[in-house]
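Each reported figure results from applying straightforward, stated rules to the coordinates on display, with no laboratory input. Everything quoted here is computed from the prediction, not taken from an experiment. When we count neighbours, we look across all protein chains shown, and the Cβ atoms used for this are built from the backbone with ideal geometry, even at glycine.
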Amino acid sequence: MSAAGRKTILVTGASSGIGEATARRLAQAGHRVFLGARRTERLAALAAELREGGADVAHRALDVTDLASVQEFASAALERFGGIDVLVNNAGVMPLSPVADLRIDEWNQMIDVNLRGVLHGIAAVLPTMRRQGSGHVVNVSSVAGHRVDPTAAVYSATKFAVRAISEGLRQETTDIRVTVVSPGFTHSELTYRGGNHEARQAARSAAEHLAIPASAIAEAIAFAVDQPSTVDVNELVVRPTAQT
Ligand code: NDP
């Protein structure tokens, strides 16, 4: 890759699943990658592995629900690499349950991570991108950001919101590219935590039968990132062929 094509890319939720695969894909393509998540031992292992392959990678603890943490993450990347070209707002949680279960703590967790976390990421990088006169925000939504299914009302609400925010940001900024990537069932750890037992089991068994590898989503993100600066890929929906 030419020096001009190399970008500094921040990836939230890089400790597993789609974020990890995306970090791997982008680092292997020659980009500088800054990894964030709460499980720092995983980030350290991934960064070490990628550095062994010759990549320029660093990591930092990140909790996207905490604005100060996200701002420190962006500042550290700026200090380390001297600019911020791309933010991949990927961190997310999906504790599924029927609305009538009133699992209010989990509703708030989804709002805090999936929605506030995305806004915190935008807030943390936008001043730098505006100063640079260029930048790219890639927000990970979901097929659930296009349709609502039982047990996924609140999750879907956060993912619809991610698409709304992305479209608004895109319209308001002519110097910053905005991309939404909406995955369908993808192998990851998303169904490992939270939600009610039946909903979690149903999501897991659907994922087991249908899911595509996280690298397929990483490929879509890399496609958007590697377009010329005048080309903004607005949305990519990537799902298993057999998913309805
Ligand atoms: P994983 O559970 O494997 O990854 C989620 C990532 O988010 C982890 O790295 C986790 O890291 C991070 N994360 C969670 N909470 C926080 C937090 N408060 N601060 C920082 N990082 C956090 O699932 P996926 O890879 O599947 O999820 C990635 C994105 O893809 C999510 O936005 C999800 O909604 C979306 N998606 C996934 C689909 C799928 O089928 N897998 C389908 C559609 C969309 P840590 O716990 O270390 O902080």
Restricting attention to the range 184-237, the residues that are part of a strand (DSSP E or B), crowded, with 18+ Cβ neighbours inside 10 Å and in contact with a Gly (Cβ under 8 Å, 6 or more places away or on another chain) number exactly 2
Residue in the range 42-52 that is touching a residue at least 12 places away in the same chain (Cβ under 8 Å), buried (at least 24 other Cβ atoms within 10 Å of the Cβ) and of a type outside the set (A, V, I, L, M, F, W, C) present: no
Any idea which of (1) more than 30 Å from Ala242 (Cβ to Cβ); (2) out of contact with any His (no Cβ under 7 Å at 6 or more places or on another chain) is the one Arg177 doesn't satisfy? (2)
Checking Gln109 against (1) within 28 Å of Arg170 (Cβ to Cβ); (2) within 16 Å of the ligand (Cβ to nearest atom); (3) touching a helix residue (DSSP H, G or I) at 6+ places or on another chain (Cβ under 8 Å), which single condition isn't satisfied? (3)
Of the candidates Arg116, Arg131, the one satisfying the condition of being within 13 Å of the ligand (Cβ to nearest atom) and basic (Lys, Arg) is Arg116
Ile221: in contact (Cβ under 8 Å) with a residue 40 or more places away in the chain and within 11 Å of the ligand (Cβ to nearest atom), yes or no? yes
Scanning the range 13-35 for residues that are out of contact with any Leu (no Cβ under 6 Å at 6 or more places or on another chain) and of a type in the set (S, T, N, Q), which turns out surrounded by the most Cβ atoms within 10 Å (Cβ to Cβ)? Thr22
